[in-house]
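Note sheet for the following structure.
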Amino acid sequence: MKKLTFPTIYIMAELDWNGLHCQSHYMAKRFAEDGHDVVYINRTLQRWPKWNHLKRRIKYGQITESVYKRPKPDNLNELTLWVGPPVSWLRWLNRRLIARKVKPSLKPTILITYVPTYNCIDLKEIVQPNSFHYLCYHNFDADIVLSDVRDSERLVIKSATKLFADSLFLVNRLVQISHGKTVVHAPPGVNFDAFYSAFRGNEIESRKKICFFGGAGKHVDIETYNELSKDYHVIFIAQIADEICHLLSPRIEIRDVVGHEQLPKALKEMDILSILYLKSDYIDGVIPAKFFECMGTGKPVLVSGLDETLMYSDLVYDVCNSHEKAKEIIEQLPVNFPMRLEKQLQIAKSFDFESLYQSFKSHILK
């Protein structure tokens, strides 16, 4: 009997393997478990680094060794490409640096990228994949990035076998840029059983502890959190960016980040989860990776500045960047939240990572 040959999967990821949990981690792990050799390529530069970025990168690397480090299947290899910023005039050098680390595969190969840079295009030319897929998680037109990245993204979109996007805003954006190509919606997911274990059942009776978790930067609505901390116990389980440290009220409790596997346990004591962002052109295209994780806990979820969540406005609570509205909503939770809970859990369960993986796999292995 002829032995089955599984294509090698290259994933050019937006975050390091030992980094904050995201969709690319789950996809890589599941492809490996299904028998594929997987090469997970850690985050590469997407702009000119400043000293603060380099300092945070060094500090982040130290943190991840103890906090975010996650096991790898035997057939998953982690690869770090030491390349410069993906500007066109450095492409000759970056291509040589990539070629030193990556060789063409003798097996059928699939390349999946979350990073639409010239480095990705050169990796594709070296690997010579049988198919090439772009999953967009970022509105590069609105973010302050190198203009070269916006240019290279157009080339990635043009040459991709299939296009995916994690938010409906980005689906429409790719349809327009690609002049009508089919774009598959590939939203972030949740390990539902794990996050549902954070549910206690008495959250709305208590409604004292409001939690934010993840990365906290200038996109977070600090002013509303500061105001809420006057009346509630506000807790950040987060990496706090240097530029906002001095803006946080001393009343806000800052806790150390925890690994993704430990996060549900850390969230169990929380009464309300929150994703309060400041609205901007960039945030318009964002569906946070933690959105369905928050819903999966069975706890009330406060949001702000996130148009992508408005389709779930009958389940989560949009406070519209107003601490007064947030307080009013919190006080009314015993009245209206119980009737939302069952549907909130059903929706979260429908975005379980495993079902999303099976759908994604069916698209790229056709």
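Close Cβ contacts (under 9 Å, 6 or more residues apart or on different chains) running from residues in the stretch 134-147 that are under 11 Å from ASP284 (Cβ atoms) and of a type in the set (A, V, I, L, M) to residues that are part of a loop (DSSP other than H, G, I, E, B) and open to solvent by 30 Å² or more (accessible area, probe 1.4 Å) comprise ALA142/SER280; ALA142/ASP281; ALA142/TYR282.
Could you list, in sequence order, all residues of the stretch 79-109 that are within 16 Å of THR44 (Cβ to Cβ) and among the basic types (Lys, Arg)?
Step one: filter the stretch 79-109 for residues within 16 Å of THR44 (Cβ to Cβ), giving 79-88, 90-91, 93-102.
Those that are within 16 Å of THR44 (Cβ to Cβ) and among the basic types (Lys, Arg): ARG91, ARG95, ARG96, ARG100, LYS101.
Residues that are in contact with a helix residue (DSSP H, G or I) (Cβ under 9 Å, 6 or more places away or on another chain) and modelled with pLDDT of 90 or more within the stretch 19-28 comprise GLN23, TYR26, MET27, listed in sequence order. Against the conditions (1) assigned to a loop (DSSP other than H, G, I, E, B); (2) of a type outside the set (Val, Ile, Thr); (3) open to solvent by less than 10 Å² (accessible area, probe 1.4 Å); (4) within 20 Å of LYS209 (Cβ to Cβ), CYS294 satisfies every one except (1). Being touching a His at 6+ places or on another chain (Cβ under 8 Å) and within 22 Å of LEU15 (Cβ to Cβ) holds for only one residue in ALA194, ALA186, ALA241, ALA160, and it is ALA160.
Residues in the stretch 232-247 that are within 24 Å of GLU331 (Cα to Cα) and out of contact with any Phe, Trp or Tyr (no Cβ under 6 Å at 6 or more places or on another chain): TYR232, HIS233, ILE235. Consider the stretch 252-282 and keep the residues that are of a type in the set (Val, Ile, Thr) and either open to solvent by less than 70 Å² (accessible area, probe 1.4 Å) or in a loop (DSSP other than H, G, I, E, B) (or both). The one that is nearest to ASP141 (Cα to Cα) is ILE275. If you go through the stretch 342-363 and keep only what is of a type in the set (D, E, K, R) and part of a helix (DSSP H, G or I), you end up with GLU342, LYS343, LYS349, GLU354, LYS361.
Going through LYS181, LYS158 one at a time, which residue ends up being at pLDDT below 95 and of a type in the set (D, E, K, R)?
Working: LYS158 fails: at pLDDT below 95.
The unique qualifying residue is LYS181.
For the stretch 168-212, a residue qualifies if it is of a type in the set (Phe, Trp, Tyr) and open to solvent by 10 Å² or more (accessible area, probe 1.4 Å), and the qualifying residues are PHE169, PHE192, TYR196, PHE199.
Is the stretch 304-313 home to any residue that is of a type outside the set (A, V, I, L, M, F, W, C), open to solvent by 40 Å² or more (accessible area, probe 1.4 Å), touching a Gly at 6+ places or on another chain (Cβ under 6 Å) and modelled with pLDDT under 95? Checking the stretch 304-313: not a single residue is of a type outside the set (A, V, I, L, M, F, W, C), open to solvent by 40 Å² or more (accessible area, probe 1.4 Å), touching a Gly at 6+ places or on another chain (Cβ under 6 Å) and modelled with pLDDT under 95. Among the residues of the stretch 322-339, the ones that are part of a helix (DSSP H, G or I) and either polar (S, T, N, Q) or surrounded by fewer than 18 Cβ atoms within 10 Å (Cβ to Cβ) (or both) come to 11 in all.
Is there a residue being part of a loop (DSSP other than H, G, I, E, B) and modelled with pLDDT under 95 anywhere in the stretch 198-217? Within the stretch 198-217, one or more residues are part of a loop (DSSP other than H, G, I, E, B) and modelled with pLDDT under 95. Do we find a residue being at pLDDT 95 or above and under 24 Å from SER206 (Cα atoms) anywhere in the stretch 237-247? Scanning the stretch 237-247 turns up at least one residue that is at pLDDT 95 or above and under 24 Å from SER206 (Cα atoms). Restricting to the stretch 218-250, name every residue that is assigned to a loop (DSSP other than H, G, I, E, B) and over 23 Å from the mean Cα position of the chain (by Cα). Residues satisfying the conditions are SER229, LYS230, ASP231, TYR232, LEU248, SER249, PRO250.
Applying the selection to the stretch 115-128, what residues are over 22 Å from the mean Cα position of the chain (by Cα) and touching a residue at least 40 places away in the same chain (Cβ under 8 Å)? LEU123, VAL127 - these are the residues of the stretch 115-128 that are over 22 Å from the mean Cα position of the chain (by Cα) and touching a residue at least 40 places away in the same chain (Cβ under 8 Å).
The set of residues in the stretch 85-114 being touching a residue at least 12 places away in the same chain (Cβ under 8 Å) and surrounded by fewer than 16 Cβ atoms within 10 Å (Cβ to Cβ) consists of SER88, ALA99, LYS101, LYS103, PRO104, LYS107, PRO108. Applying the condition of being more than 20 Å from GLN128 (Cβ to Cβ) and aromatic (Phe, Trp, Tyr) to the stretch 51-101 and asking which residue is modelled with the lowest pLDDT yields TYR60.
The values are calculated or read from the model by the stated rules, or taken from the named source; none is laboratory data. Quick caveat, the model's predicted, so the values are computed rather than measured. Cβ: placed from backbone, ideal geometry, glycine included. Neighbour counts: every protein chain shown. All accessible areas refer to the heavy atoms of the entire protein, side chains included, with ligands and DNA or RNA removed. Shrake-Rupley method; radii C 1.70, N 1.55, O 1.52, S 1.80 Å.
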